[in-house]
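Q: Just dropping this structure here.
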Amino acid sequence: MRSKIVAGNWKMNKNLSETETLLAELAAKLPDTNAEVMVAPTYINLIGATRCLENSTIEVIAQNMHFAESGAFTGEISADMLLSIGVNTAIIGHSERRAYFGETDAILAKKVVTALAKNIRVLFCFGEELEDRKSGNHFAVVESQLKNALFSLDASVWSKIVLAYEPVWAIGTGETASPEQAQEMHAFIRKTITEAYTTKIADQVSILYGGSVKPGNATEIFSKPDVDGGLIGGASLVADDFVAIIKAI
């Protein structure tokens, strides 16, 4: 049985007091659910978030991590640093890290290897740009991103991987991805994993959708058979919206 997951990526939003207020509201309003609920505040608020949620089932996760254990990497955070404050999951490969900070498949592959070696669960993001979708190259791009970053891994580590498909072309562009398009790509992803590994691994990995999920479309998107939840951006910054999305799953 695949895990159902709703993860909120807060990006560069919310100062410390705002973080504490939102977390308290989420903890108080969290519905009874079998889904895993995660939030990813900014780095400087991670330790505060873990303390705020120590009596909650909401998991605090990191938005990123470096592939080195330590060293001269100014501004970066290591796996051991995350583990030391009780953070055991990291988002790796988000489209904004790829686009704005030059993170390549090769860099992401190193991050994934380090995270798994440290027993950090990986929430791996990938997805095509608008030009890829318009040219009909979207399946090839997604397959390449998966192959380059993940398909050299041993089959045994896939239990520590969650996938998040981000159709970059449908985020803040005015273009809209339909639930059917989400299902089509998620089914393709599962097929691709089956071909690289086994049907068992493909059927067990949770694949989240990261294409502007909101309270108004969450139920329809989550109803698709290969969509196991969502990586939520802006809607996760409003307690009632995030709670409504959690209820939808």
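The values are calculated or read from the model by the stated rules, or taken from the named source; none is laboratory data. Owing to the predicted nature of the structure, the values given are computational and were not obtained by experimental measurement. Reconstructed Cβ throughout: ideal geometry from the backbone, glycine too, with neighbour counts over all protein chains shown.
Q: Report, by residue number, each residue of segment 229-241 that is surrounded by fewer than 24 Cβ atoms within 10 Å (Cβ to Cβ) and either touching an Asp or Glu at 6+ places or on another chain (Cβ under 6 Å) or modelled with pLDDT of 95 or more (or both).
A: ALA235, LEU237, VAL238, ALA239, ASP240, ASP241
Q: Enumerate the pairs (first residue in segment 185-200 and touching a residue at least 24 places away in the same chain (Cβ under 8 Å); second residue anywhere and among the aromatic types (Phe, Trp, Tyr) and assigned to a helix (DSSP H, G or I)) with beta-carbon separation below 6 Å, excluding pairs fewer than 6 apart on the same chain, so at least 6 apart or on different chains.
A: Qualifying pairs under 6 Å: PHE188/PHE139.
Q: For ALA79, state whether it is crowded, with 18+ Cβ neighbours inside 10 Å, in contact with a Gly (Cβ under 8 Å, 6 or more places away or on another chain) and not aromatic (Phe, Trp, Tyr).
A: no
Q: Restricting to segment 187-221, and then to whatever is among the hydroxyl-bearing types (Ser, Thr, Tyr) and over 14 Å from LEU146 (Cβ atoms), can you tell me which residue is modelled with the lowest pLDDT?
A: SER212
Q: Please go through segment 148-181 and pick out each residue that is surrounded by 14 or more Cβ atoms within 10 Å (Cβ to Cβ), without any contact (Cβ under 8 Å) to a residue 60 or more places away in the chain and within 27 Å of LEU116 (Cβ to Cβ).
A: Within segment 148-181, ASN148, ALA149, LEU150, PHE151, LEU153, VAL157, TRP158, LYS160, ILE161, LEU163, TYR165, PRO167 qualify.
Q: What's the total number of residues in segment 20-44 that are in a helix (DSSP H, G or I) and touching a strand residue (DSSP E or B) at 6+ places or on another chain (Cβ under 9 Å)?
A: 4
Q: Hey, can you tell me all the residues within segment 115-145 that are of a type in the set (A, V, I, L, M), touching a Phe, Trp or Tyr at 6+ places or on another chain (Cβ under 8 Å) and surrounded by fewer than 18 Cβ atoms within 10 Å (Cβ to Cβ)?
A: From segment 115-145, those of a type in the set (A, V, I, L, M) are 115-117, 120, 122-123, 130, 140-142; that's our starting set.
Within this subset, residues satisfying the condition of being touching a Phe, Trp or Tyr at 6+ places or on another chain (Cβ under 8 Å) are 130, 142.
Scanning segment 115-145 gives a single hit, LEU130.
Q: Now a separate question. Pairs please, first residue from segment 91-115 and under 17 Å from TYR165 (Cβ atoms) and part of a helix (DSSP H, G or I), second anywhere and at pLDDT 95 or above and among the hydroxyl-bearing types (Ser, Thr, Tyr), Cβ atoms under 8 Å, 6+ apart in sequence or on different chains.
A: ARG98/THR104; ASP105/SER144
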